[in-house]
Amino acid sequence: MDQEQRGTERATVFVRGRVQGVGFRWWTRARALELGLAGWARNTADGRVEVVAEGPRAAVEALHGLLAEEPSTTGRPGHVALVSAPLWAPAKGESGFRER
């Protein structure tokens with residue numbers, strides 16, 4: 001692990017609800033960038049959105065909180081029924097945050 005990745009963690013979460021075709025991935029990208037996170041968000045074939053975020057654990061946890069917050073205080077589009085617990089893993093060195 002290089003110096004830049006030290007203190008960086010990676011988490012994958014899955015979001016279920018009405019989250020495809022409503023701007024949810026764009027909203028997630030905007031919140032992640034505000035928190036200084038890298039990673040991506042993509043639609044899955046079963047209707048969920050998969051979010052992978054890397055950065056300081058507190059920032060990743062803050063994004064998880066925003067994904068699950070009900071009601072949303074940040075104008076989150078769609079409707080979130082369930083957000084999985086973060087699946088933590090070693091950081092891979094993502095850069096930027098993309099919608100896939």
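Bear in mind that the values in this text are calculations on the coordinates, not laboratory data. Quantities reported herein were computed from a predicted structural model and do not represent experimental measurements. Methodologically, a virtual Cβ is constructed for each residue, glycine included, from the backbone with ideal geometry; neighbour enumeration extends over all protein chains shown.
Summary table below
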read-out	value
Rounded tilt (10° steps) of 24-34 against the dominant C-alpha axis of the chain	40
Cβ-based net charge around residue 12, under 12 Å, with every Lys or Arg adding one and every Asp or Glu removing one	0
Approximate spin-label separation residue 46-residue 22, in nm, with each point projected 7 Å along Cα-to-Cβ	1.9
Gyration tensor (alpha-carbon) shape descriptor, segment 45-92, a/c threshold 1.5	oblate
Selection from 82, 96, 21, by position along the positive dipole direction of the chain (Cβ)	21
At 0.692 mPa s and 37 °C, Stokes diffusion of segment 1-79 via Kirkwood alpha-carbon radius, µm² per second	256
Expected 222 nm ellipticity per residue - DSSP helices of 4 or more, -39500 (n - 2.57), all of the chain, to 500	-7000 deg cm²/dmol
C-alpha long axis of helix 57-68 to longest principal axis of the chain, angle in °	10
Distance from segment 25-42 to segment 43-95 (C-alpha centre basis), Å	9
Formal net charge of residues neighbouring residue 92 (Cβ-Cβ distance under 9 Å; K, R +1; D, E -1)	-1
Gaussian network model of the chain, springs between alpha carbon atoms under 10 Å - residue of 33, 66, 87 with greatest fluctuation	87
Cut-off 10 Å between beta-carbons: net charge of the residues surrounding residue 60, Lys and Arg +1, Asp and Glu -1	-1
Residues whose placed amide H lies under 5 Å from that of residue 98, excluding near-sequence neighbours	39, 40, 41
